[in-house]
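Asks: Following this message is one structure expressed as structure tokens.
The values are calculated or read from the model by the stated rules, or taken from the named source; none is laboratory data. If you're wondering where the values come from, they're calculated on a predicted model, not measured in any experiment. Note that each Cβ is placed from the backbone with ideal geometry, even for glycine, and that neighbours are counted across all protein chains shown. We work out accessible area using only protein heavy atoms, side chains counted, and drop any ligands, DNA or RNA first. Shrake-Rupley method; radii C 1.70, N 1.55, O 1.52, S 1.80 Å.
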Amino acid sequence: MEDYSKDNEDLFDWIDALENQLLFNGSQDTKKLLSQFISYVDNKGLLNDDLRKLPFDNSISPFNESDYPGDWEIEEKIRHYIRWNALVTVLKANKFKDLGGHISTYSSAATLYEVGFNHFFKGGNLADMVYFQGHSSPGIYARSFLEGNISTKHLDNFRQEISGDGLSSYPHPWLMPNYWQFPTVSMGLGPIMSIYQAHVMKYLEQRGLLENDPNRKIWMFCGDGEMDEPESMGSISLAAREKLDNLIFVINCNLQRLDGPVRGNSRIITELGAIFKAAGWNVVNVIWGRKWDELLANDLTGSLSWVMNNTVDGEYQNFKAKGGAYTRKHFFGKHPEALKLVEDMSDDDIENLNRGGHDPLKVFNAYKSAYECKDKPTVILAFTVKGYGIGSRQADNTTHQVKKLTKENLDDFIKKFNLPINSTKLNNLDYLKLSKNSKEYKYLVNQRKKLGGFLPRRESIKANLTVNDNSHFDEFHAESKREVSTTMVFVRLITSLLRDKKIGKYIVPIVPDEARTFGMDGLFRQFGIYSREGQKYQPEDVDKVMWYRESRDGVMLEEGINEAGAFSAWIALATSYANNSLPMIPFYIYYSMFGFQRVHDLAWAAGDARARGFLLGATSGRTTLNGEGLQHQDGHSHLLAQTIPNCKSYDPCFDYELATIIKNGID
């Protein structure tokens, strides 16, 4: 590594110039100047590829951190009680029945959630929408239990919900319709659904259908392993392009997936940071906890920074699994100057050097920076430990599957989190409770009151959408004069419905770049295609009747060649009656052959989410486009649709059938 302590007059002249620029012109001007200079250097071909990588360090300097606003000791006690109750919930479910469940995910994510619950997650009417990581559900239940919103009986019946007194394994609005908002445990669906939820929120605001609240956020909590799913990353460019500053991703980088390391030979935080930054996101690294601050401040030679940037995730996992002595030798020992920095620290001190995702101060400042960022979505990459605090199972490769713990593991957990539990009475585990007169309980409840109410919470309103008159449907009751495809009948019908004085503004046609195929291009000019920035160019076909018109308040959603994205937008609108107190009538119109087999997992999630809307497989090959060949003639969609219990499927042949189905669906 380079030793910057050696004389280098040119370097220090540049550093002095930068410090003067910062002092006299401020950070914003300095950032602008540096960006322009780096672009110039890049164009000259002088920028080293290594310099494009984000350093493995916190994005927010300790000097720029705000003080923590909460009561540190009370929040810590509450957090530790929740950890214990989450653990006991799973252990009880597996004592006799082996029902499964997950301990290690919430153990790594507890601080990420608790800082949000205590200081950020807005409740009440038009609350924040939080996509909870599916495997962390025991911890969310454990918090609700301390709040008094879930009973002991509920926790005892975790994964035994059929009787009505239990709790679903994962977030599931169909099974718990007053609690969970979003089904998230099918890996990758949460991220793409949250992106389009934020997209649809901006769409509804710009059309004047939903009140604009800059402080209302969509929170997406997921794991680093989940980011390998194509759906997780496939639409991140849309979020940046559409300037979705209402969207916050919190990626719990505990370095482990189900079988082993996510990236044993590299660093997942470095990889994800580069990808999101290139896509245009605000990237906030939360890597090192405050116990590292002094060491980093004393790292005058850059040796510790060099070690951090030359250590891979497989090694970082070992350091938390094998303790302080191992870390001293194999981490700090990589460089003699780094080793000197910890010569006065004990092995226990080294083991207790905390990661950023377990430090409320670091997490708070990351969330605060996300709120302050404008016109960009934010991703927070939080460095954590899987199975945090569970003794010998911490950072163990098998920790994801752990459902039972030894007495030694429980003893370690109790000691680490200073819990008021007699370690001689661990045969019959019980939940920790807070007295309603205790300062902890009052704090817990008051923090939620300040933010508007408890979460998770799902409250649906009764839709009262009726057409102005039935003339839209009546014209199809008479005998047809000529043969016409059902797709063209639908286009005539939806065009008429969009003009309805009562419900027209609530109808949203969504297409994945096939509108012209379906004969829907007439809607372009009449109702416009939604674009956050309007139309900055004159379209090629502006002199045509059916020209391609984009508009800030356009009605149609044209999501490109992206069935998963278009369907995610449909889900957001189809659940708006619960999430925005705003019933909508979305129509997802897709090339029938490329329908359910492309989005079946999302369609199942829509059923779980209690979505209400229409799916229309157009040009199915019965009456149109036979020349495309057999591969475009859909004969199987209904078989797939019938695997989803609350999806009603029809195969209309005549115009009056189609009109009747849509009228009945709206009613």
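Asks: Can you name the condition, by its number, that E408 falls short on among (1) open to solvent by less than 40 Å² (accessible area, probe 1.4 Å); (2) within 29 Å of D349 (Cα to Cα)?
Replies: Of the numbered conditions (1) open to solvent by less than 40 Å² (accessible area, probe 1.4 Å); (2) within 29 Å of D349 (Cα to Cα), the odd one out for E408 is (1).
Asks: Check S237 against each of (1) farther than 18 Å from W281 by Cβ; (2) within 15 Å of the chain's Cα centre (by Cα); (3) part of a helix (DSSP H, G or I) and name the one condition it does not meet.
Replies: Going through the list (1) farther than 18 Å from W281 by Cβ; (2) within 15 Å of the chain's Cα centre (by Cα); (3) part of a helix (DSSP H, G or I), S237 breaks only (1).
Asks: Of the conditions (1) hydrophobic (A, V, I, L, M, F, W, C); (2) touching a helix residue (DSSP H, G or I) at 6+ places or on another chain (Cβ under 8 Å); (3) open to solvent by 20 Å² or more (accessible area, probe 1.4 Å), M488 satisfies every one except a single condition; which number is it?
Replies: Only one criterion is unmet by M488, namely (2).
Asks: I'd like to check something: does region 80-102 contain any residue that is outside any helix (DSSP H, G or I), crowded, with 19+ Cβ neighbours inside 10 Å and touching a helix residue (DSSP H, G or I) at 6+ places or on another chain (Cβ under 8 Å)?
Replies: Looking through region 80-102, at least one residue is outside any helix (DSSP H, G or I), crowded, with 19+ Cβ neighbours inside 10 Å and touching a helix residue (DSSP H, G or I) at 6+ places or on another chain (Cβ under 8 Å).
Asks: Run P62 past the list (1) modelled with pLDDT under 95; (2) surrounded by fewer than 22 Cβ atoms within 10 Å (Cβ to Cβ); (3) within 28 Å of K320 (Cα to Cα) and report the number of the one that doesn't hold.
Replies: Of the numbered conditions (1) modelled with pLDDT under 95; (2) surrounded by fewer than 22 Cβ atoms within 10 Å (Cβ to Cβ); (3) within 28 Å of K320 (Cα to Cα), the odd one out for P62 is (1).
Asks: Same structure again: Residues in region 303-312: is at least one assigned to a helix (DSSP H, G or I), touching a strand residue (DSSP E or B) at 6+ places or on another chain (Cβ under 9 Å) and open to solvent by 10 Å² or more (accessible area, probe 1.4 Å)?
Replies: No, every residue in region 303-312 fails to be assigned to a helix (DSSP H, G or I), touching a strand residue (DSSP E or B) at 6+ places or on another chain (Cβ under 9 Å) and open to solvent by 10 Å² or more (accessible area, probe 1.4 Å).
Asks: Please enumerate the residues belonging to region 608-624 that are touching a His at 6+ places or on another chain (Cβ under 7 Å) and either charged (D, E, K, R) or assigned to a strand (DSSP E or B) (or both).
Replies: Correct list: D608 only.
Asks: Against the conditions (1) closer than 24 Å to V185 by Cα; (2) touching a Phe, Trp or Tyr at 6+ places or on another chain (Cβ under 7 Å), where does E271 fall short? Just the number, please.
Replies: With respect to (1) closer than 24 Å to V185 by Cα; (2) touching a Phe, Trp or Tyr at 6+ places or on another chain (Cβ under 7 Å), E271 is out only on (2).
Asks: Give the residue, chosen from S66, S39, S107, S35, that is touching a helix residue (DSSP H, G or I) at 6+ places or on another chain (Cβ under 9 Å), polar (S, T, N, Q) and not in a loop (DSSP other than H, G, I, E, B).
Replies: S107
Asks: Name every residue in region 219-257 that is in contact with a Lys or Arg (Cβ under 6 Å, 6 or more places away or on another chain) and under 26 Å from A110 (Cβ atoms), in order of residue number.
Replies: Within region 219-257, G225, N246, I248, N254, Q256 qualify.
Asks: Of all the helices (runs of 4 or more DSSP H) wholly in region 117-213, which have at least 2 residues that are open to solvent by less than 10 Å² (accessible area, probe 1.4 Å) and under 22 Å from N246 (Cα atoms)?
Replies: Here the list reads 189-206.
Asks: Just to be sure before I move on: is A605 in a helix (DSSP H, G or I), buried (at least 24 other Cβ atoms within 10 Å of the Cβ) and touching a Leu at 6+ places or on another chain (Cβ under 8 Å) in the structure I sent?
Replies: yes
Asks: Do we have P173 as at pLDDT below 95, out of contact with any strand residue (DSSP E or B) (no Cβ under 9 Å at 6 or more places or on another chain) and not small (G, A, S) here?
Replies: no
Asks: (1) modelled with pLDDT of 95 or more; (2) closer than 21 Å to S137 by Cβ; (3) hydrophobic (A, V, I, L, M, F, W, C): which one isn't true of L272, the others all being true?
Replies: Answer for L272: the failing condition is (2).
Asks: Test K433 against the stated conditions and say whether it is among the charged types (D, E, K, R) and either closer than 30 Å to R216 by Cα or surrounded by fewer than 14 Cβ atoms within 10 Å (Cβ to Cβ) (or both).
Replies: no
Asks: Scan region 314-337 and report the pairs whose first residue is farther than 19 Å from G356 by Cβ and part of a helix (DSSP H, G or I) and whose second residue is among the hydrophobic types (A, V, I, L, M, F, W, C) and open to solvent by 40 Å² or more (accessible area, probe 1.4 Å), with Cβ atoms within less than 6 Å and a gap of 6+ or a chain change.
Replies: What qualifies is G333/L339.
Asks: Still on this structure, I have one more. Out of everything in region 37-59 that is open to solvent by less than 80 Å² (accessible area, probe 1.4 Å) and hydrophobic (A, V, I, L, M, F, W, C), what residue ends up being farthest from I275 (Cα to Cα)?
Replies: In this case the residue turns out to be V41.
Per-residue answers, yes or no, for (1) in contact with a Ser or Thr (Cβ under 9 Å, 6 or more places away or on another chain); (2) small (G, A, S); (3) more than 26 Å from F63 (Cβ to Cβ):
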position: V283; (1), (2), (3): yes, no, no
position: W292; (1), (2), (3): no, no, no
position: L300; (1), (2), (3): yes, no, no
position: S303; (1), (2), (3): no, yes, no
position: K322; (1), (2), (3): no, no, yes
